[in-house]
Amino acid sequence: MTLRPLPSNSCRSAGCTLTGALSVTTHVRDAITVVHGPQGCTHHNFSLLHATSLDNDRIALPPLVSTGLSETDVVFGGEGALDRTLDLVIARSPGAVFVLSTCIVETIGDDVGMVCGSRSGVPVVMVPTAGFLGGSFQAGVNNALIALAGMARPAEGNGRVNIIGEKNLEYEVDENFAEVSRLLALLGLFVNIRFVHDLATDNIASLGAARLNVLRDPSLIPVGEYLKERFGTPYIPAYPVGITGPVAFLESVAGACGIDYRRAVDEEHALRQETLDDFADLAGAGISFAPLPPDPEGSRAAQDIAQALRLDITPSGCPVPVPVTPPIGITGVRRLLHRWRRALHA
């Protein structure tokens, strides 16, 4: 058994449940997240989220507050510490308060739901995030999205599309959103809300008004099923990946919404051909993918792109980068091909 796996054998979705949930709740810009646990859990995640924001050119401090459990609280129970912290946080009149549990809180048996349920006025939403019994980063994301969706009620349809579960810690989050929005616009569709990315609490109320939900990737299917059951909203299980994904995405979205997709597909085929023409100078070059990413979808997308450009994949070829997360749509493909061109012409 490998006790300390190498980075090549691990992935972000195997990380801390608490961190996954925080990547969601901290993107509700007028809300405050309370981490019920020791100060170290909050400090570690604050540092991670702050550094990630800076890397993405966002100057923002994560709105986190810790209940700061002491040894005494661990022995005699931390519900009082949570109650006092909620008093202080609610006095700041946030749009909502999200309370995230930690492993130690679940171990000592604090009734976090009872404490949260005793509050009125400001919404106080509990998100279960203790991962010591087999949780993961993705479980935290899913738990947070489902908990926040509980704040919404069925609403009159507005014909728009929700974007569900964006990867807020990835560098290309806004670029990927722009690409999906571009494809939706080809079908005459527009985005309702980004659930959850840079969102105000009041916007959550319109979650159930959309005609369709687009999930970031299949790991969010439990969220898609919950929203379908709660609001009756169908969903597309993933963003369009690589050079072949956009057309299939357009056909799936159009089918779910009852829209004629032929013109949109023709335009996308033309854009694909234009992209291949723009990078025709790479044709015939020998390339290699080393190291391959742990995500097999990324490997398949890279191979599809190389095949479309008639590149020769060989162990002796020039090493070209393959992103950990697959390129989204033609825009993502173009970004990747620019990197390949630089590697080949270096």
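The values are calculated or read from the model by the stated rules, or taken from the named source; none is laboratory data. Source: prediction; values computed, not measured. Here the Cβ positions follow ideal geometry from the backbone for every residue, glycine too, while neighbour counts run over all protein chains shown. The protein model used for the area step is the full one, side chains on, heavy atoms only, and it has no ligands, DNA or RNA in it. Shrake-Rupley method; radii C 1.70, N 1.55, O 1.52, S 1.80 Å.
Over all distinct Cα pairs, what is the inverse of the mean 1/r for region 64-150, reported as the Kirkwood hydrodynamic radius in Å?
Computed over region 64-150, the radius equals 13.5 Å.
Calculated FRET efficiency, residue 120 and residue 297, Cβ-Cβ r, R0 56 Å, to nearest 0.05?
Rounded to the nearest 0.05, the efficiency is 0.75.
Decide, for region 273-325, between rounded, prolate and oblate: order the square roots of the alpha carbon gyration tensor eigenvalues as a ≥ b ≥ c, take rounded if a/c falls under 1.5, and otherwise choose prolate if a/b is larger than b/c, else oblate. Walk me through the numbers on the way to the answer.
Details: a/c = 2.40, a/b = 1.37, b/c = 1.75.
It comes out oblate by the Cα gyration axes.
In square nanometres, what is one fourth of the surface area of the convex hull spanned by the alpha carbons of region 123-207? Could the numbers behind the result be given before it?
Working: hull surface 26.8 nm².
Orientation-averaged projected area of the Cα hull: 6.7 nm².
Between helix 329-344 and the chain, what is the angle of the helix's C-alpha long axis to the longest principal axis, kept within 0 to 90° and rounded to the nearest 10?
70 degrees
Could you give the alpha-carbon Rg of the chain over 2.2 N^0.38 Å, rounded to two decimals?
Cα Rg divided by the expected 2.2 N^0.38 Å: 1.10.
Could you tell me which of rounded, prolate or oblate describes region 166-211, using a ≥ b ≥ c as the square roots of the eigenvalues of the alpha-carbon gyration tensor, with rounded for a/c under 1.5 and, failing that, prolate when a/b is larger than b/c and oblate otherwise?
Oblate, since a/c reaches 1.5 and b/c is not below a/b.
Tell me, what is the per residue accessible area of the chain in Å², probe radius 1.4 Å? Walk me through the numbers before you get to the answer.
On the way: 16100 Å² over 346 residues.
That works out to 47 Å² per residue.
Once the Cα atoms of helix 221-231 and of the chain are each reduced to a long axis, what angle between those two axes, in degrees from 0 to 90 to the nearest 10, is obtained?
With rounding to tens, the tilt is 70 degrees.
In the neighborhood of residue 103, defined by Cβ-to-Cβ distances under 15 Å, what is the net charge if each Lys or Arg adds +1 and each Asp or Glu adds -1?
Local charge sum for residue 103: -3.
What's the ranking of 317-323, 177-183 by average number of surrounding C-beta atoms within 10 Å, highest first?
On the way: 317-323: 17.3, 177-183: 19.1.
My ranking of the peptides, most packed first, is 177-183, 317-323.
What size of dipole, in debye to the nearest 20, comes out for region 237-281 about its Cα centre when the only charges are +1 on Lys and Arg C-beta atoms and -1 on Asp and Glu C-beta atoms?
It comes to approximately 280 debye.
Run the accessible area of the chain with a 1.4 Å probe and give the carbon-and-sulfur part as a rounded percent.
Details: 8660 of 16100 Å².
Taking all protein chains in place, the chain shows 54 percent carbon and sulfur surface.
Set Lys and Arg Cβ to +1 and Asp and Glu Cβ to -1, take the dipole of region 237-315 about its Cα centre, and tell me which of 261, 279, 241 lies farthest positive.
241
Modelled label-to-label distance, residue 182 and residue 288, 7 Å Cα→beta-carbon offset: nm?
Placing both labels 7 Å beyond Cα along the Cβ direction yields 3.3 nm.
Against the longest principal axis of the chain, how steep is helix 262-278, in degrees 0 to 90 to the nearest 10, with axes from Cα atoms?
Tilt of helix 262-278: around 70 degrees.
Under a plain spin-label model, where a point goes 7 Å from the Cα along Cα-to-Cβ, how far apart in nm are residue 171 and residue 156?
4.6 nm
Which length gain, in nm to one decimal place, applies between residue 83 and residue 339 when the Cα-Cα distance is subtracted from 0.36 nm times their residue separation?
87.0 nm
From largest to smallest, what semi-axes in whole angstrom does region 139-291 give when each is the square root of 5 times an eigenvalue of its alpha carbon gyration tensor? Could you put the intermediate results ahead of the total?
On the way: eigenvalues 188, 73, 31 Å².
Equivalent ellipsoid of region 139-291: 31, 19, 12 Å, largest first.
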